[in-house]
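The structure appears below as structure tokens.
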Amino acid sequence: MHSNNYILMYIVAMSAIVAMALALAFSGLKPIHDANEAVFKKRDILSAIKGQVENEMAVDVLNAPAEKVFSIFKDKVKQVVIDANGEVVEEGEGAGEEKGVADKIDMKQEEKKPLADRLYPVYVYQGDGENIYLVAVRGNGLWDKIWATVAIKEDFNTIAGISFDHVTETAGLGAEIKDNDAWKAKFTGKKLYNENNDFVSVAVVKGGVKIQDHQVDAIAGATITSDGVTEMMNRGLKIYEPYFESLKN
């Protein structure tokens, strides 16, 4: 029978070997993970204007190979980073990860910073005829974080499209913000400003839409998530207003 010291040393040795093996595996797989994450992020951004990209580029955005997704960003997307005052911090033309400045912004990490120190990504899709500005917003759903990429037309007022995602909303209810294409399509054409040029954003409302330019029907049975989308759209898009104003001048 082995002594307690022998058993303890065996456990420590095996733990060290397993830890080393896991570290090596993580190190070896990290480039693959990072590449997959980069493609997923780009697909998610482009999905906000899925129809336009597919019409112009003759490509299925959600199923295109990684090379094609990176090519679209290189050829069609200008990347900009702005600060909390709406001033440009850095910009680049895309070209994969090497020049993709906005790609480097992790909104989850930015939320941990003081408001005045946060940075925000802007992706300018240079479409046939006009630019589309894709911006990131984050908020709170029923259980955890929700977020969206909102596409704004060159008038800096009209929503051209939107994509949503979430950490863990309820399937068939809150998760519909991501899964229900028909509901997401209702945001297209909505306005950020009213007739007096006041910023009012877009609200998700129960009981039927009363203000066509600024409201979308709530998701049945998902009141808290719907309210979270309203708050996210109002607060999140307001952040980009100074940057949009600077482009009008």
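The values are calculated or read from the model by the stated rules, or taken from the named source; none is laboratory data. Here the structure is a predicted model, which means the values were calculated and not measured. Cβ placement follows ideal geometry from the backbone for every residue including glycine, while neighbour counts extend to all protein chains displayed. Each accessible area value is taken on the protein alone, full model and side chains, heavy atoms only, with ligands, DNA and RNA left out. Shrake-Rupley method; radii C 1.70, N 1.55, O 1.52, S 1.80 Å.
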Counting sequence-distant residues (5 or more places) and residues on other chains, those with an amide H built under 5 Å from that of Ala203 are Gln215, Val216
Calc'd 3J(HN,Hα), segment 109-118, phi into Karplus 6.51 cos²θ - 1.76 cosθ + 1.60 (θ = phi - 60°), Hz, glycine/Pro = x, comes to 6, 4, 4, 7, 8, x, 3, 5, 9, 6
Toy charge model, Lys and Arg Cβ at +1, Asp and Glu Cβ at -1: segment 107-249 dipole around Cα centroid in debye, rounded to 20, equals 280 debye
Expressed per residue, the solvent accessible area of the chain in Å² (1.4 Å probe) is about 54 Å²
Computed from the beta carbon distance with a Förster radius of 25 Å, FRET efficiency for Lys206 and Asn85 to the nearest 0.05 stands at 0.10
Taking a ≥ b ≥ c as the square roots of the eigenvalues of the Cα gyration tensor, with a/c under 1.5 meaning rounded and otherwise prolate when a/b exceeds b/c and oblate if not, segment 191-247 is oblate
If one compares the long axis through the Cα atoms of helix 4-46 with the longest principal axis of the Cα atoms of the chain, the angle in degrees, nearest 10, works out at 20 degrees
For segment 117-232 the mean separation of alpha carbon contacts under 8 Å (6+ apart) over residue count, i.e. relative contact order in percent, is 22 percent
Residues of segment 123-144 with backbone N under 17 Å of the label point set 7 Å from the Cα of Ala58 along Cα→Cβ are 128
Checked against the structure, the computed Rg and Dmax of the Cα atoms in Å among (1) 21.8, 86; (2) 16.7, 50; (3) 17.6, 52 is the one labelled (1)
Non-local residues with an amide H under 5 Å from the amide H of Glu90, with H modelled 1.01 Å from N and Pro and chain starts lacking one, are Val81
Expressed as a percent, the accessible surface of segment 154-233 that is carbon or sulfur, using a 1.4 Å probe and the full set of protein chains, is 49 percent
Taking placed amide H atoms and a strict 5 Å upper bound, the residues 5 or more places from Gly174 or on another chain that come that close are none
Note, segment 161-174: 3J(HN,Hα) by Karplus (6.51, -1.76, 1.60, θ = phi - 60°), whole Hz, Gly/Pro = x, goes x, 7, 10, 10, 8, 7, 7, 7, 7, 6, 4, x, 10, x
Here the relative contact order (percent) of the chain, from C-alpha pairs under 8 Å and at least 6 apart, is 14 percent
Beyond 22 Å (Cα-Cα) in this structure, taken from Lys191/Lys248; Lys145/Lys184; Lys112/Lys191; Lys112/Lys186; Lys50/Lys190; Lys153/Lys238, we find Lys112/Lys191; Lys112/Lys186
